[in-house]
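Below is one structure, written out as structure tokens, with a few remarks after it.
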Amino acid sequence: MGAIRDRDQSACHRCGETSHTVRERGRFGLMASYCERCWNTFANEMTEADGATAAPRPDLDPDDVTWIEPPVCPECGSLVRICPTNYDRWVSLAMVELPAKDVPEAFRWRLTGLPDRSPIPTDIVAVRVRGIDPLNRRITASERIMA
């Protein structure tokens, strides 16, 4: 995948760079390799589009026994759960499950376990649930020709 110049070295699928920073990114195999710069650009674009702007969960010291307040929504004050996204950013989600019809389309996420050898999920990942919005989608040149 992405091997070039008779070597087993991957090239970034966005800029074509070949370096030690090019690798598959994200929490799931995306079937694409990116360099560090292109991955951060891509992940930040996804973050802005999805609204996944939460700060990461704090790394807790196992010897620290002080009480930790659960995070709350800055807009409504309800309890939230901070979850990692599949593109290494974080999103705040409500603690209460709701039917999809009660959640506006722009705020729908699905929690899924990371693929692992263990039948017990070790961590969960928030994956954005959405289709292509026909009003905001760019039309390619080949689609214009066919229309």
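Would you mention how many residues in the stretch 57-82 are over 24 Å from the mean Cα position of the chain (by Cα) and not hydrophobic (A, V, I, L, M, F, W, C)?
Total meeting the criteria: 7.
Of everything in the stretch 49-94, what is surrounded by fewer than 17 Cβ atoms within 10 Å (Cβ to Cβ) and small (Gly, Ala, Ser)? Give them in sequence order.
Within the stretch 49-94, 49, 51, 55, 77, 78, 94 meet the criteria.
Select from the stretch 25-58 the residues that are touching a strand residue (DSSP E or B) at 6+ places or on another chain (Cβ under 6 Å) and either at pLDDT below 85 or assigned to a loop (DSSP other than H, G, I, E, B) (or both) and list them in ascending order. Explain how you work it out, then say what you get.
From the stretch 25-58, those touching a strand residue (DSSP E or B) at 6+ places or on another chain (Cβ under 6 Å) are 25, 27, 33, 50, 52, 54, 56-57; that's our starting set.
Selection gives 25, 27, 52, 54, 56, 57.
Which ones in the stretch 97-131 are of a type in the set (A, V, I, L, M), modelled with pLDDT of 85 or more and either in a loop (DSSP other than H, G, I, E, B) or open to solvent by 50 Å² or more (accessible area, probe 1.4 Å) (or both)?
Listed by number, the list holds a single entry, 111.
Can you name the residue in the stretch 59-76 that is of a type outside the set (Val, Ile, Thr) and modelled with pLDDT of 85 or more and, of all such residues, is nearest to residue 124 (Cα to Cα)? Steps first, please.
Start the filter on the stretch 59-76 by keeping residues that are of a type outside the set (Val, Ile, Thr), which leaves 59-64, 67, 69-71, 73-76.
Next cut, modelled with pLDDT of 85 or more only: 63, 71.
Working: 63: 24, 71: 18 Å.
So, considering only residues that are of a type outside the set (Val, Ile, Thr) and modelled with pLDDT of 85 or more, the one nearest to residue 124 (Cα to Cα) is 71.
I need every pair where a residue in the stretch 94-110 that is under 19 Å from residue 52 (Cβ atoms) has its Cβ under 7 Å from the Cβ of a residue that is assigned to a helix (DSSP H, G or I), sequence separation at least 6 or different chains.
Between residues of the stretch 94-110 that are under 19 Å from residue 52 (Cβ atoms) and residues that are assigned to a helix (DSSP H, G or I), the close pairs are 108/100.
Tell me whether the stretch 48-60 contains one or more residues that are within 27 Å of residue 26 (Cα to Cα) and touching a residue at least 60 places away in the same chain (Cβ under 8 Å). It would help to see each step written out before you state the result.
Taking the stretch 48-60 as the starting set, the residues that turn out to be within 27 Å of residue 26 (Cα to Cα) are 48-60.
Add one more test, that the residue is touching a residue at least 60 places away in the same chain (Cβ under 8 Å), and what stays is 50, 52.
Taking every residue of the stretch 48-60 in turn, at least one turns out to be within 27 Å of residue 26 (Cα to Cα) and touching a residue at least 60 places away in the same chain (Cβ under 8 Å).
The values are calculated or read from the model by the stated rules, or taken from the named source; none is laboratory data. Only a predicted model underlies this, so the values are computations on that prediction, with no experimental measurement involved. Note that each Cβ is placed from the backbone with ideal geometry, even for glycine, and that neighbours are counted across all protein chains shown. For the accessible areas, the whole protein counts, side chains as well, though only heavy atoms, and no ligand, DNA or RNA atoms are used. Shrake-Rupley method; radii C 1.70, N 1.55, O 1.52, S 1.80 Å.
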